[in-house]
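The values are calculated or read from the model by the stated rules, or taken from the named source; none is laboratory data. Computed from a predicted model, the values in this text were never measured in an experiment. In this analysis, Cβ positions are derived from the backbone assuming ideal geometry, glycine residues included, and neighbour counts consider all displayed protein chains. Note: accessible area is taken over every heavy atom of the protein model, side chains too, but ligands, DNA and RNA are not part of it. Shrake-Rupley method; radii C 1.70, N 1.55, O 1.52, S 1.80 Å.
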Amino acid sequence: MSVSTDWSTLRGLLIDLDGVVYTGREPIAGAAGFLAEARRRGLKFLLVTNNSTTAPELVAERLRGMHIGVEPQEILTSAQAAVAYVKLHAKAGAHLRIVGEAGLRQAAEEEGFRIIEDGDSQADWVIAGLDRAFTYAKLASATRDIMRGARFVATNADALLPVEGGQVVPGAGTMVAAIQTATGVEPVVLGKPEPGLFQHGLRRLGGLAADEVAMIGDRLDTDVVGGRRAGLRTVLVLSGVTTPAEAAAATPPPDATFKDLASVATLFGW
């Protein structure tokens with residue numbers, strides 16, 4: 001454990017999922033207890049993920065299947081952050097084109113946006129995320145919209161997506177890159193390590209200030225760098241991809257480092 005800041009004013013947490021709460025299909029020991037204790041003590045938290053394909057209800061259902069009790073409103077996805085960004089900046093009645101899957105579509109529909117389905121109608125905004133049914137026709141429609149003036153937003157720019165068995169598959173960043181290459185337009189990216197998801201998380205936590213919230217994650221390049229960039233305090237846990245040697249060599253280092261989420265409880269004297 002290493003700690004380098006005063007935590008007495010902390011009022012909220014953003015907590016990464018994979019490598020912090022679970023690994024693959026297995027819960028990480030003590031994570032469920034930590035979340036339950038945070039809830040009991042009134043410490044607000046959101047479980048955050050760059051995944052844009054799955055709705056919060058299904059994420060919560062998956063976690064409950066691991067005996068980790070969470071509610072959908074305690075989940076924050078990059079799809080929700082992307083749609084929230086559009087809602088904040090779009091004119092009333094704006095039309096969206098979705099390059100993505102059910103989680104992104106649901107997030108847009110819940111905010112009342114009209115989604116353009118055909119290739120001929122003009123959208124005001126294009127939101128792109130992971131789409132495992134991505135086609136040339138979808139690329140052409142998104143390209144047309146953006147070339148005609150539609151704003152371009154991406155849920156995240158992850159080039160690769162880890163899957164079970166230690167393998168990787170193309171991530172949302174590959175679809176985003178195709179659209180960017182075709183249009184020459186750089187998107188606004190909302191997912192980690194960009195600040196948009198963190199900023200939306202602060203709003204979802206009731207408008208807390210950045211220095212009142214900590215980001216807890218297992219990755220230096222997304223969780224720690226992104227949290228620091230957004231002005232949050234950062235906690236690295238070593239239950240995921242980062243090794244102790246890599247943590248020790250990090251410059252600048254996270255504000256605190258622990259072996260796992262359960263150990264973070266010592267920050268608060270639990």
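General remarks:
- Pairs with Cβ under 7 Å, 6+ apart, first in the range 36-56 and within 8 Å of Thr77 (Cα to Cα), second in a loop (DSSP other than H, G, I, E, B) and open to solvent by 20 Å² or more (accessible area, probe 1.4 Å): Asn50/Asp158
- The listed residue being under 17 Å from Gly19 (Cα atoms) and either under 21 Å from the mean Cα position of the chain (by Cα) or at pLDDT 95 or above (or both), out of Arg229, Arg219, Arg204: Arg219
- From the options Thr54, Thr77, residue that is open to solvent by 30 Å² or more (accessible area, probe 1.4 Å), under 30 Å from Ala137 (Cβ atoms) and modelled with pLDDT of 95 or more: Thr54
- Positions within the range 13-46 being crowded, with 19+ Cβ neighbours inside 10 Å and among the aliphatic types (A, V, I, L, M), in sequence order: Leu13, Leu14, Ile15, Leu17, Val20, Val21, Ile28, Ala31, Ala32, Leu35, Ala38, Leu46
- Take the conditions (1) touching a strand residue (DSSP E or B) at 6+ places or on another chain (Cβ under 8 Å); (2) modelled with pLDDT of 95 or more; (3) among the acidic types (Asp, Glu); Asp18 misses just one of them, which is (2).
- Among the strands (runs of 3 or more DSSP E) confined to the range 43-147, the ones with at least 2 residues that are closer than 21 Å to Ala157 by Cα and either under 14 Å from the mean Cα position of the chain (by Cα) or small (Gly, Ala, Ser) (or both) are located at 44-49, 75-77.
- Enumerated strands (runs of 3 or more DSSP E) restricted to the range 152-270, each holding at least 1 residues that are of a type outside the set (Val, Ile, Thr) and either open to solvent by less than 40 Å² (accessible area, probe 1.4 Å) or in contact with a Cys (Cβ under 6 Å, 6 or more places away or on another chain) (or both): 213-217, 233-237, 256-258
- Among residues of the range 71-83 that are touching a residue at least 12 places away in the same chain (Cβ under 8 Å) and closer than 13 Å to Ala60 by Cβ, those with a beta-carbon under 7 Å from a residue that is outside any helix (DSSP H, G or I) and open to solvent by 10 Å² or more (accessible area, probe 1.4 Å) at least six positions away or on a different chain give the pairs Glu74/Phe45; Thr77/Thr49; Thr77/Asn51.
- Residue in the range 22-30 that is touching an Asp or Glu at 6+ places or on another chain (Cβ under 8 Å) and either in a helix (DSSP H, G or I) or free of Cβ contacts under 8 Å to residues at least 40 places away in the same chain (or both) present: no
- Here Gly93 passes the criteria (1) more than 30 Å from Phe268 (Cβ to Cβ); (2) open to solvent by 50 Å² or more (accessible area, probe 1.4 Å); (3) modelled with pLDDT of 95 or more except the one numbered (3).
- Test: Thr251 is polar (S, T, N, Q) and at pLDDT below 95: yes
- In the range 120-130, the condition of being closer than 16 Å to Asn51 by Cα and either open to solvent by 10 Å² or more (accessible area, probe 1.4 Å) or without any contact (Cβ under 8 Å) to a residue 40 or more places away in the chain (or both) is met by at least one residue.
- Filter result for the condition that a residue is among the β-branched types (Val, Ile, Thr), under 30 Å from Ala29 (Cα atoms) and open to solvent by less than 20 Å² (accessible area, probe 1.4 Å), over Val99, Val70, Val86: Val70
- Scope the range 102-115; condition touching a strand residue (DSSP E or B) at 6+ places or on another chain (Cβ under 9 Å), in contact (Cβ under 8 Å) with a residue 12 or more places away in the chain and surrounded by 18 or more Cβ atoms within 10 Å (Cβ to Cβ); matching residues: Gly103, Leu104, Ala107, Ala108, Phe113
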